[in-house]
1. Tell me the Kirkwood radius of segment A:518-562: reciprocal of the mean inverse pair distance over distinct alpha-carbon atoms, in Å.
2. Take segment A:234-285, compute every pairwise Cα distance, and split them into 5 Å bins from 0; I just need the percent in each bin.
3. Give A:Lys544/B:Lys69; A:Lys293/A:Lys412; A:Lys412/A:Lys642 a once-over and call out the pairs whose C-alpha atoms are over 30 Å from each other.
4. Quick one: grab Rg to one decimal and Dmax as a whole number for segment A:552-592, Cα atoms only, in Å.
5. What are the residues whose amide H is under 5 Å from the amide H of A:Asn568, where those residues sit 5 or more places off or on another chain and H is modelled from the backbone?
6. Can you give the Kirkwood hydrodynamic radius for segment A:597-638, in Å, rounded to one decimal and based on Cα pairs?
7. How would you classify segment B:47-111 from its alpha-carbon gyration tensor, with a ≥ b ≥ c the square roots of the eigenvalues: rounded for a/c under 1.5, else prolate if a/b is greater than b/c, otherwise oblate?
8. Going by a ≥ b ≥ c, the root eigenvalues of the Cα gyration tensor, does segment A:121-168 fall in the rounded group (a/c under 1.5), the prolate group (a/b larger than b/c) or the oblate group?
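Any read-out appearing in this document is the output of simple, stated calculations on the displayed coordinates, not a laboratory observation. Quick caveat, the model's predicted, so the values are computed rather than measured. We place every Cβ from the backbone using ideal geometry, glycine too, and count neighbours over all the protein chains shown.
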Amino acid sequence: MLYDLGYFALLISFLLAIYAAGVAVFGAQSQRMPFVESARNAALLVFPLLTLAVLIVVYGLVTLDFNQAYVADVSSRAMSPFLRVTALWGGQQGSVLFWGWMMSGFAATVMIRKWQRDRELMPYVIFVIMGTLAFFVGLSLFITNPFARLWHDPATGEIIAAVFQPVGTMPFISQDGQGLNPLLRHFGMIGHPPTTYIGFTGFVIPYAFAIAALITGKAGEDEWIRTTRRWTLVAWLFLSIGLVLGGRWAYDVLGWGGYWGWDPVENAMLMPWLTGTAFLHSMMIQEKRGMLKVWNIVLIILTYSLSLFGTFITRTGVIGSVHAFSKSAMGPSFLIFVSVTFLGSLLLMFKRLGTLKAEHELDSFLSRESLFLLQNLLFLGITFAVFWGTTFPMISELVTGTKITVGPPFFKKVTGPLFAALVLLMGIAPLFAWRKQAVAKLGRALLIPFIGSVVVMVGATLVHWPQHPYPFALFGLWLVSFVALTTLLEFWRGALARMHSQGENFLAALGHLLSRNRRRYGGYIIHLGVVMMALGVVGDEFFKAETQGTVGVGQSLAVENYTLTFENLRVYPGSDGREIVEATAKLYRDGEYILTLQPRRDFFITQQQPVTVPAVYSTPGEDVYVLLVGWNEISLDSSTFKIYVNPLINWVWAGGLTFIMGTLIAAWTSLEDKRTASYVLRPEAPRPSPAPVGG
Amino acid sequence: MSRKLILSLLTIVASFVAVAVVYAQDGTIYPTDDDVNRVAKQLYCPVCPNTPLDVCETKACQDWRAQIKDQLAAGWTDDQVIAYFVEQYGERVLAEPRRSGFTSFVWLLPALSVAIGLVVVAQVLRSWKAKRLTTAVPAQSEPLADIPPEVLERLEKELRKVS
């Protein structure tokens, strides 16, 4: 009964979404506001309806209703209630519904908040969002329904999953469920997937406004950019959080000693982040200089299409991947939808090129504009390399019939230099003025960071060259210290100026600098976060050490200045239907005892799947990451360990946190923003022709 | 064909000499697990999706690593072991795609696209600068204190529109 209710909630959401999309456009075209308002009300109603559907699915997962096909698929008696709730996004049916629910939430928020301000754009915003939503709810309804039940056909003995009872079948209730994939049974399940989905779906808002601006011929004005700047930042923030959490999760669970494996699904997530980052920077040029209007539309179309493409890759398993937990029939329809979205948007843009006239002028090649273009090129270049590398196995198979693999070495070699160039730009571009930069002044500003970074590099060479003769690593260290110094110097200069003019002490000056100019200094904090992560990457790439070996009780395995002594091994049953093999080993540094580590291997009996749980000794300087990879199964008197020493890896996480903090500072509402916003867009009043300068 | 033959012969020879470990000149045991991982790192598991062979946990992959150990012990070089795996399971076991034949496109296109992008950016910038010269805006006077140049610029532009 309850599930019928869920099904009808889905059905009505689907009809309402289609209704809203159609009526919004009709109302706008025929200038009849009641229709537009009706469309809005319909759109608003979708959110509570989908919320109901989601709650019913969660109810089934928690109460273990094994008549439900989805529950039998991803939930199980052994799983904790916490994991049962997260199973909502642990399988295909649930995650497609979850996606649609998030999007309907965004849609509702934007419609309540922006209704007064953007009356002209709103009908088309409704059209775009509800059109997309209709597609996703349609998928839920017709292809991958979370409310399908299990039926037993006595004639064939088959178990069928269907929403409505097929003729001649009996309801079937499974004894227990399959449960989540063991790799997903982790606390990280609460963080990484939802944040990633918020990021993916959040980009629909700036995209919908861009398309609405194109349709209404208002894309030449900056309204859509100003209205959606914070939405873009929020979507981007969540995507960033999702990336960092995903990396951390992989480090803790996947047991290969790293955080980024250039897996297709990871790449699918990185691509919209890259183009989104390019967009966030490039929209600044439009705001400040009224340039690059066409390019910004291209970037948001690309970002949103890549978000859809990412969902497509994740959820259809089209490119074989460890993340492709679900194979499905929704592939073709999804691909068509992504293509239509992408090509249709571009086509619309070309038809409206006339409305996107901008005045492009430049005083000098040595200007911030030039560096912005270069930076955009690098972001797009990396995106293309990642896209090409990710899809090439499919292309190769189609063209030559040969299956090939494009693994991490490719991505590192191709994107590494581009990322390095980006980091360099990140350091120097903020020092450049718009229009024209005087060379002498630039030289003065860069002198101290340059000298400082060379000192750091020479110091590092003297210390590390004997063991680690890697020129690229030293270049990386130079780059990281150079950019860190230039960025920190910006804070120093700003604070000094305030100390002189306002007579504040250093800390107060720094605080005011941040609070008065959130966008700028928030941005610098983000840059510092990137530099910290870059330092972690350099450490991990060039200075990582690993060893593997089999040792008996009391014997030791050594790597760098660490020694691991094997004590004992025990086997015991764990929760969640797993059998645990756990080794106890003592870790010594330079012969001195540090702590006892217990790396283990959990074997999930139902799924017949092992999960390696590392034991980690973590310090700010480096992590010692120990894996149990093998053992003598009969006597339990020997174990095979793999030990990684991961230098500077904690800088990646610290950098990620700094990065997220910086984004929060930059995105936080300030009084100044509110003033600008209400000034720019008075609904009925005639628009003041050139928008006032903001920020 | 002959390559395949040689490789199969080598395998047979390897199985005869499968002493699993030999002692290198300095007295250490060869091959160690680290030697095996060095080779396995360059390979992808032939059965699991997107998993490097050195970290794959399945039974099949453990057997493959044991095979690499035997082959190294029999005196095969890293490249010979890799060639053997490619011969047996196809190019998909290579972590890094080859730089010859069709797969060279995977390497070439990104480099090419960035190069083309650089040319386009240079052209765009040149055209913007040319426009600046033709519009011949009078040279900017001394910037007024405390007003950012972009604000001045906007003001100027608006003044021009009004007049």
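1. Over segment A:518-562, the inverse of the mean reciprocal pair distance is 13.9 Å.
2. Bin by bin from 0 Å, the calculated values are 5, 19, 25, 21, 14, 9, 5, 2, 1.
3. Long pairs (Cα-Cα over 30 Å): A:Lys293/A:Lys412.
4. 13.4, 40
5. Sorted by chain and number, the residues that satisfy this are A:Thr584.
6. One over the average 1/r among Cα pairs gives 12.0 Å for segment A:597-638.
7. The shape class here is oblate.
8. Cα axes put segment A:121-168 in the prolate bin.
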